[in-house]
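Undergrad: My questions will all concern the structure given below.
The values are calculated or read from the model by the stated rules, or taken from the named source; none is laboratory data. Here the structure is a predicted model, which is why all the values come from computation and not from measurement. When we count neighbours, we look across all protein chains shown, and the Cβ atoms used for this are built from the backbone with ideal geometry, even at glycine.
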Amino acid sequence: MILSDKQILREMKRGTIVIRPYKRKYLGSNSYDVHLGEWLAMYNEEILDSCKHNRIHYFRIPLEGLILVPSKLYLGVTKEYTETHRHVPFLEGKSSIGRLGIDIHATAGKGDVGFCNTWTLEISVRQPVRIYAGMPIGQLIYFEISGEVEVPYSLKKGAKYNKRGIKPVESMMWKNFKR
């Protein structure tokens, strides 16, 4: 079951959902709008290897915006830091973003109970499009979970994306798959 706006507000008061910065105007009837942070990253190599640590370089989105081009993968980050202690968060692109041909995640739209961080976005575009830091980029939807969680993500030994930050995080697949 998806939480309604009233339920999201109730859970925020309880501290089981945290959104910073939070602005009431971004709370929809059953979701919260998140915004593109100022940092993007790209991989240094053209060919990526899933068994090794593929390095990235960071850059800020200039005030005049940045034109993204097809055939490139950009890692972005949400401006908002979130915590979800009793629900499963899903990040989806806003329909207005989709209508510009922007995809914000390749496969990683679902978070885990206990995820406490900004969200890294896997951004790709269908045609060149200019983007801006602070623009609405996605929406968080919260699902109720059935049963108790034994180990939340924030306490999971070996969790790869727990380091808190304001920059996108590259793939850590290499930590799972050693040859």
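Undergrad: Just give me the residues in region 32-54 being part of a loop (DSSP other than H, G, I, E, B) and small (Gly, Ala, Ser), in sequence order.
TA: The answer is Gly37, Ser50.
Undergrad: Being outside any strand (DSSP E or B), of a type outside the set (Phe, Trp, Tyr) and at pLDDT 90 or above: is that true of Ser154 here?
TA: no
Undergrad: If you don't mind, another one. Can you pull out the residues in region 55-78 that are over 18 Å from the mean Cα position of the chain (by Cα), assigned to a strand (DSSP E or B) and among the β-branched types (Val, Ile, Thr)?
TA: Ile67, the sole residue that qualifies.
Undergrad: What about Ile97, is it within 21 Å of Met1 (Cβ to Cβ) and either free of Cβ contacts under 8 Å to residues at least 60 places away in the same chain or exposed (fewer than 13 other Cβ atoms within 10 Å of the Cβ) (or both)?
TA: Against the criterion (within 21 Å of Met1 (Cβ to Cβ) and either free of Cβ contacts under 8 Å to residues at least 60 places away in the same chain or exposed (fewer than 13 other Cβ atoms within 10 Å of the Cβ) (or both)), Ile97 does not qualify.
Undergrad: In addition: Select from region 33-89 the residues that are polar (S, T, N, Q) and either in contact with a Lys or Arg (Cβ under 7 Å, 6 or more places away or on another chain) or more than 19 Å from Asp103 (Cβ to Cβ) (or both) and list them in ascending order.
TA: Asn44, Ser50, Asn54, Thr82, Thr84
Undergrad: Something else now. Taking only pairs six or more apart or across chains, which ones have beta-carbon atoms under 6 Å, a first residue in region 107-121 that is in contact (Cβ under 8 Å) with a residue 12 or more places away in the chain and buried (at least 20 other Cβ atoms within 10 Å of the Cβ), and a second residue that is assigned to a loop (DSSP other than H, G, I, E, B) and basic (Lys, Arg)?
TA: Once the first residue is in contact (Cβ under 8 Å) with a residue 12 or more places away in the chain and buried (at least 20 other Cβ atoms within 10 Å of the Cβ) and sits in region 107-121, its partners that are assigned to a loop (DSSP other than H, G, I, E, B) and basic (Lys, Arg) give Asn117/Arg164.
Undergrad: Right, next: Using the structure shown, decide if Ser31 is surrounded by 11 or more Cβ atoms within 10 Å (Cβ to Cβ) and over 18 Å from Leu91 (Cα atoms).
TA: When the stated conditions are applied, Ser31 does not pass them.
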